[in-house]
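The values are calculated or read from the model by the stated rules, or taken from the named source; none is laboratory data. Because the structure is a prediction, the values reported are computed rather than measured. Cβ coordinates were reconstructed from backbone atoms using ideal geometry, including for glycine residues, and neighbour counts include every protein chain displayed. Side chains are part of the model used for accessible areas, which takes the heavy atoms of the whole protein and leaves out ligands, DNA and RNA. Shrake-Rupley method; radii C 1.70, N 1.55, O 1.52, S 1.80 Å.
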Amino acid sequence: MPGSSRAGGLLATAVPGATGGEETVARSVIECRDLSKTFVVLDSQSIWRVMFGGESEKGFPALRSVALQVREGEFLGVLGRNGAGKSTLLRTLGGVYAPTSGTVKVAGPVSAIYELGMAGNELLTGCDFARRWLSLNGTGRWRVDRLLSEIADFAELGAYFENPIHTYSAGMKARLFFSVATSLPGQIYLIDEVLSVGDEHFQAKCWRRLRERLATGASGILATHDWTTVLKLCREACVLERGRIVDRGSSPAVVHRYLGLPQPRGHAAAFAAHLPSVYGAVAEEDMTLSFPIDVKVSSPVCFACSVESFRQGIGWSHLLQVEPRLVASAPGLYDIEVAIPLLPLCPGEYSLNLFLSERRSEGTFVTLDVRSWAYGNDVPLAVTGKPRESVTVLPLRWRDRRTLS
Amino acid sequence: MQILGFDRADARRLLNFLRMGLRDRFLGSTLGLVWAVANPLLMMGIFTFVFAFVFRSRLPGAETSLSFVIWLISGYGPWLAISDSLATSTGAVTGNSGLVKNLAFKTELLPIAGSLMGLVPLAVSTCYLVALLVLSGTRPSLSWLAILPVLVLQFVFITGIGLCLAAVNVFVRDTAMVLPNVLMILLFSSPIFYPLSEFPKAVQGVLQFHPFQVIAEGYRQPLLYRAWPAPWSLAYLAVLSVMAFLGGLVFFRKLKGYFDARI
Amino acid sequence: MSYRIRVEGVTKRYELATSGPLPRAARSLLRLLGVRHRAARGVDHKVALDDVSFSVAEGERVGIIGENGAGKSTLLHLLAGVAAPTNGSVEVDGRVHAALTLGLALREDLTGRENLYLDAEVQGRTRSETDAVIDRMIGFTDLGDFIDQPVRTYSSGMKARLAFTSLVFVEPEILLLDETLSAGDYWFSQKATRAVRELCSKGRIVMLVSHDLESIVNMCSRCLWLDGGRLVADGDPSQVTAAYRERVRERDEAETAAKFSTLGQAWMLDSAAWIKRVTVGSSRRPGAASVLSVGEDAWIRVELSVDQVRDDHDLRLWVERLDGLRVTENRWSESSVNPLAGRVEVVADMVPMILGPGLYRVQAELLNGESMLATAGVVFKVVAERNLVGGQPALWVPFEVSCRPRVAAER
């Protein structure tokens, strides 16, 4: 499968020579093998048969032989359309449903934010619901009281917090539920479609909270139909269709295939076939990268590139960028060289994105060939050198001036 | 440590559910707590009035109606608890579908908690009974504590039945609706309003082994006659209760795999 | 033009139960007795809509946007006739079909197919009429085999699809949708958009409340923006949504920036070693500055005082962007062996300064080994005259790009 063998390229596996040969493979926090879940729908005849010891045949297979693995500190995206089985998968992993066959292994207590998880006694006020949910999940009374004001504040319900839930709109219920379900810092999350509730302002809040949790090393699974969310949160993703995993790999590649986006074919100009599959550089030293291209036309060909890195909870961030520059206007074989003084990147793995485009007379650009994470074919850039605690590093020059002592 | 497939976390969860149930039923509304006390009292009051003053029933060999009332209440109080327990546990799973669909826990705990809710009407009726006893001049005695084993066995027995009914109710929702009628039939066919001796001789022999008769006697003997209940009846009740509980548990566990699509 | 919906001067006030120090029953008792203290307060008044007026003509597709609590759902409720305005008038000419709460009309124990039939019946269609279109309806829902499963087993997205399909095929004169489309996925949204356009081309009116601004732009011909119950904009969807987005972003940025600035307050363990001040500035102008320009040389100055010279004293400097990106982490010990002693001013030159536009915080930490003795910081902004083509990188680094014909000496 194209792209899947590269899936490991962007994870925290060792690059030869990068960190002195140490392998750091994180342990897996969620693992399931050959997981299947069949819902047996009993009608009036089969009920009596089952009650008196028989078995029932009619079943609806919601999950079929699903195998997943989530490593510590990572979020796995599960994409799928409505009805693909995402909710069932999450609930089975979370222990609400018992699997029909297969194994589920979870390395600890799970914070689950299920869709429609609010269904319950609607006579309760928002406050009572929060209290009840927290105590059902094992929170002591004193902690509950302290958390309540935080929950009320986050959900932005105002006075409605003290009103019965049946007076809430669907959006308010969802906000209350998200606020309650994420109030306790957890380590393993199962999130089901709840990140698209509320207005942009509230969504920004939700993402901030999620990033806070991620900063403490949370891991988990995000199941959604919204691919933009997957791109923000997950490095790896898979696609669930009618209960089966039909695709997996790095999330941009998977999303690209999921959406069925076309890939530009490099006829007029393209990166040469022998373009290196990985580039290396040393932090804080001058770097020169070379990109061979083949040009077949006589129009102005421009080159642009960017260096990006994936930040969990934010998505792909541009770190460095070369604006489109004219490189050739006649057919031929060329080598493009990009030189950067004192590379301001810290050791790690980055994503090199290369763009060849043709500049039209109106000032627009037509893409000719692309190597980019959005198409699943970006080129990794491995930077080695002195490790620091930041992502990038500024070339600072120190000097001191003594003042009056 | 696991007993019958339940561990300490389950015990905590059970207490949580019980607290939840109590809060929903009694503290949720303004009149909730009042009703918890008033309802049993009202029922007992009505029956007291009807049987003591309208029908003027008397126990064979007794003079006053008060003693009859005391005899009546000592059987009816547990009955109230039993019917409450059964009604609550039958609807425990279907009525908490939100929890079942979103929280990972052993679903058996819901009917068990529902059954334990019957402790409230039991407590109310016991207090009422004690008041009546004191009124009639009986002094409290240590033998009253003999109702405790009967109490425990009663709940074990009823929980077993409740588990069965709860599971069946998921598939045949009419169960919860038919239950009150069935209980009514059982009530009037048990020696609660009328002593065993009033039944036709032919039936008496069988009725002696009626579980509700055994339970009622288990309350009456210590409270009214300061005697310990007959050992054989306790043993019989114990066996019955344990069988009912285990049977109900196994039945529920077998069916709970099919709940998912019906809840 | 004959209007189908006319809303004039509509105000809607709600009563909300409040919580107080005393239980509800006690408070109502106090109110009965005439006590007017705050503790006896029973309800709060909330103005959900404030003097809203607009008209909608045949064939219009109107989107309603606004923040949580802005009154959007209330407006739909009034249009549907479910509630009455406190003041003003609502005139609706036509049959209204509203999907106000997701799945409210769906019977959980029936299958999807049965629900479609039931719904059609409720709307007044005969069985044979429904039979004629049932296959198209099922195709529209895209639920596949699920159509014959009980609705109880559906996810919210599936329920939304079913409810929407049912509504659309009923061909209402006026269709009110309250966020019911947000649960559907990308492909369904496209289908829904097409269906809505078709409906409106037949002269029907569709009013849609949503937080998904994209779908509003795609689906609607007009957009209303409600803020705090007031109608603040009414016009072309792309313009109104853009303005709304801008406002939300500004406010969020201001909030985050305010919070950002309060972090990293100066702190010191004791007066033996402390940081007096951290400032930044540019080489072009003397003195400290709070705004720097991309590309111009800049410096960071740390004034500190250390009484005792120790070998493991070190100064750590890090710069963080508003969104949490750690842009650099440097130490004094890397570049110089001069120990820090006495009242010193240490300067770090950024030549060139490669930070991209944004809001940053530079924090200086005085360390003793690995433990922190003192810290102080300052917030500064970097601005650029123009945006780079192709994105906003974190660092603006001067690249040199050259292109040479490839030497034919390839092995």
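Annotations for the structure displayed:
- Diagonalising the gyration tensor over the Cα atoms of the stretch A:117-242 and scaling each eigenvalue by 5 before taking the square root yields semi-axes of 25, 17, 14 Å, largest first.
- Which of B:L237, B:Y225, B:S189, positive extreme of dipole for the stretch B:167-254 (C-beta unit charges): B:L237
- Using a Förster distance of 22 Å, the FRET efficiency for B:T64-B:F199 (Cβ separation, nearest 0.05): 0.40
- Extension gain for C:V47-C:A257 works out to 72.5 nm (0.36 nm per residue, less the C-alpha to C-alpha distance).
- Ranked from largest, the principal axis spans of the Cα set of chain C equal 92, 92, 46 Å.
- B:G5 sits among other residues whose Cβ lies under 14 Å from its own Cβ, and their net charge, with Lys and Arg +1 and Asp and Glu -1, is +3.
- Cα gyration tensor of the stretch A:344-405 - equivalent ellipsoid semi-axes, whole Å, descending: 40, 20, 7
- Residue-span extension gain [C:R6 to C:F399] - 0.36 nm each, minus C-alpha spacing: 135.4 nm
- By the helix-only formula, in which each DSSP H run with n ≥ 4 contributes -39500 (n - 2.57) and the sum is divided by residues, chain B has a 222 nm mean residue ellipticity of -22500 deg cm²/dmol.
- Neighbour net charge for A:C346 - beta-carbon separation under 12 angstrom, K R +1, D E -1: -1
- With the simple model of a label 7 Å out from the Cα in the direction of the Cβ, B:V50 to C:Q392 spans 7.8 nm.
- According to the Kirkwood relation over distinct C-alpha pairs, the hydrodynamic radius of the stretch C:305-411 is 17.0 Å.
- Where the alpha-carbon atoms of the stretch B:185-263 are placed on the principal axes, they occupy 51, 27, 21 Å, in descending order.
- The stretch A:269-384 - Rg (one decimal) and Dmax (whole number), Cα, Å: 14.5, 44
- For q = 0.07, 0.11 Å⁻¹, Debye-computed log10 I/I(0) when each Cα of chain B counts as one equal scatterer: -0.26, -0.64
- The alpha carbons of the protein assembly as shown give a radius of gyration and a Dmax of 36.2, 126 Å, in that order.
- Separation between Cα centres of the stretch A:347-385 and the stretch C:347-366, rounded to whole Å: 28
- 10 Å Cβ neighbours from other chains, averaged over peptide C:62-73: 3
- Kirkwood radius and radius of gyration were both taken over the C-alpha atoms of chain A, and their ratio Rg/Rh is 1.06.
- Its residues counted as N, the stretch B:123-263 yields a C-alpha radius of gyration over 2.2 N^0.38 Å of 1.24.
- Inter-label distance, nm, simple model (7 Å from Cα along the C-beta direction), B:H210/B:M177: 2.8
- Within a straight-line Cα-Cα reach of under 19 Å, A:K232 can be paired with the following lysines, leaving aside sequence neighbours fewer than 8 residues apart in one chain: A:K86, A:K205.
- For the protein assembly as shown, share of DSSP beta bridges that run antiparallel, in % to the nearest 5: 75
- Using R0 = 30 Å, the C-beta based FRET efficiency linking A:I314 and C:Q265 works out to 0.70.
- Reduced Cα scattering model of the stretch B:1-57, Debye log10 I(q)/I(0), q = 0.23 Å⁻¹: -0.85
- Euclidean distance between Cα centres, the stretch A:173-227 to the stretch C:275-341, Å: 36
- For the pair C:D131 and C:D236, a Förster radius of 60 Å applied to the C-beta separation gives a FRET efficiency near 0.90, rounded to the nearest 0.05.
- Put a dot 7 Å past the Cα of B:I3, heading toward its Cβ, do the same for A:D145, and the two dots end up 3.3 nm apart.
- Excluding the site residues themselves, the longest part of chain A lacking any trypsin sites (Lys or Arg not before Pro) in a DSSP loop with at most 14 other Cβ atoms within 10 Å is A:59-264.
- The gain in end-to-end length when the C:D311 to C:R284 segment is fully stretched comes to 6.1 nm, 0.36 nm per residue minus the alpha carbon separation.
- Loop-located trypsin sites (Lys or Arg not before Pro) in the stretch B:5-97 whose Cβ has at most 10 other Cβ within 10 Å (DSSP): B:R56
- Where C meets A: accessible area buried, both sides, 1.4 Å probe, Å²: 7400
- The stretch C:134-271, Cα convex hull volume normalised per residue, Å³: 183
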